[in-house]
Amino acid sequence: MSELRTIAEDGDGVVILDQTRLPAQTAFVRLATLDATARAIRVMQVRGAPLIGATAAYGVALALGEGIALEQAIDVLAATRPTAVNLRWALERMRRVLQTTPGAERCQRAWEEARAIADEDAEANAAIGRNGLPLLQIVEHRPVRVMTHCNAGWLATVAHGTALAPIYAAQAADDEVYVWVSETRPRNQGLLTAWELRQAGIPHALIADNAAGLLIMQGKVDLVIVGADRIAANGDTANKVGTYLKALAAREHGVPFYVAAPVSTVDFACPDGAAIPIEERDAAEFGLASGEQSGDEAGRKVSHGDTPIANPAFDITPAGLITGIITERGILPPTGLAALQR
Ligand code: MRU
């Protein structure tokens with residue numbers, strides 16, 4: 001599997017790949033302050049639950065370097081995006097480690113812990129790839145046809161991806177895979193997935209979100225694998241809006257539906273999907289066909305300025321529709337997550 005990384009240390013800053021410019025441009029941005037880091041998460045220059053968590057951890061280190069108080073930094077970063085629990089998980093881990101670290105050592109300790117969070121994410125996702133691979137290998141024909149939604153590839157993590165990790169593992173094992181990539185309106189994260197797969201040389205097709213049900217019904221999908229932004233203790237899963245409809249279609253037609261996520265995405269304190277906060281994003285991003293928010297304004301308007309818009313960014317897939325959750329510690333039934341807490 002490749003070791004392409006989305007975030008790299010650069011002296012007293014970090015460099016990220018600006019995902020608002022992809023796939024049109026490959027542009028890197030150096031983050032050197034708390035404000036720049038919080039903005040990068042908010043406007044989705046970095047996105048995807050695990051990458052948001054790692055970036056926020058580095059944001060704490062940058063803030064301490066600026067002389068900003070730990071709790072203030074945590075508050076600013078925690079307010080950026082509400083649904084992906086990896087953000088809060090990473091900030092909580094930083095708080096736990098740093099509040100007992102003497103002031104003079106705090107900044108250096110913050111960099112070490114952020115680095116550990118990033119490295120552990122890369123390792124966890126590689127393990128997700130290894131653990132998920134047998135699910136593709138048991139399919140009897142080739143290519144194995146996987147449907148995914150949004151982008152849960154290496155771009156959404158520190159490295160390897162979650163939902164795409166078993167696909168990359170299959171490629172590394174010389175197995176033939178074909179991927180259905182849904183566009184993922186309104187931000188078109190499916191274009192990021194298609195960009196990744198093109199770079200990797202993995203055959204795929206981009207489809208309109210609404211084409212997914214037909215392809216599942218026609219028997220053209222062997223399994224669905226999606227990522228997650230927060231998995232409640234009972235297995236209900238928040239992921240990019242549109243995931244639930246795929247799960248419903250998969251259940252109706254007997255297609256296995258898997259969620260792939262590191263254990264850091266499981267919120268053991270959250271009892272069920274109803275308790276997961278769903279991010280409502282700005283109507284302005286819904287109105288652009290391209291989904292590019294800070295690129296060259298090539299986006300074409302798809303709505304009139306006065307059309308009321310609702311833009312929930314995530315939905316909840318009930319545990320009952322999920323065949324299994326692929327983690328770095330194995331594949332679990334959605335009702336068996338308690339085992340991970342031990
Ligand atoms: O709004 P985004 O692009 O941050 O949402 C990302 C997703 O919903 C992904 O599917 C999820 O975070 C899993 S990423 C490994």
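Assorted remarks:
- Compared with the direct C-alpha span, the chain from residue 75 to residue 99 gains 7.2 nm at full extension, assuming 0.36 nm per residue.
- Of all accessible heavy-atom area on the chain, the percent that carbon and sulfur account for (1.4 Å): 53 percent
- With R₀ set to 22 Å, the beta-carbon distance separating residue 137 from residue 220 gives a calculated FRET efficiency near 0.70.
- Between 318, 134, 218, the Cα set farthest toward the positive side of the dipole of the chain (charges on each charged residue's Cβ, about the Cα centre) is that of 218.
- Rounded to the nearest angstrom and listed largest first, the equivalent-ellipsoid semi-axes of segment 7-122 from its Cα gyration tensor are 22, 14, 13.
- Cβ crowding within 10 Å averaged over residues, with 28-39, 79-90 ranked highest first: 79-90, 28-39
- As a rough guide to protection, the peptides 150-159, 272-281 ranked by mean Cβ packing within 10 Å, highest first, stand as 150-159, 272-281.
- Euclidean distance between Cα centres, segment 1-47 to segment 199-221, Å: 29 Å
- From largest to smallest, the equivalent ellipsoid semi-axes obtained for the chain from the alpha-carbon gyration tensor read 31, 23, 19 Å.
- Highest mean first, the peptides 7-14, 113-120 sorted by other C-beta atoms within 10 Å per residue fall in the order 113-120, 7-14.
- Check: the chain dipole with +1 on Lys, Arg Cβ and -1 on Asp, Glu Cβ, in debye: 380 debye
- Once C-alpha pairs closer than 8 Å and six or more residues apart are averaged by separation and normalised to the residue number of the chain, the relative contact order reads 17 percent.
- Length available on full extension from residue 176 to residue 278: 0.36 nm per residue minus the Cα-Cα distance, which gives 33.1 nm.
- In the context of the full set of protein chains, residues of the chain present 40 Å² of accessible surface per residue (probe radius 1.4 Å, heavy atoms only).
The values are calculated or read from the model by the stated rules, or taken from the named source; none is laboratory data. Because the structure is a prediction, the values reported are computed rather than measured. So basically every Cβ, Gly included, is an ideal-geometry build from the backbone, and we count neighbours across all protein chains shown. Only protein heavy atoms, including side chains, enter the accessible area calculation; ligands, DNA and RNA are left aside. Shrake-Rupley method; radii C 1.70, N 1.55, O 1.52, S 1.80 Å.
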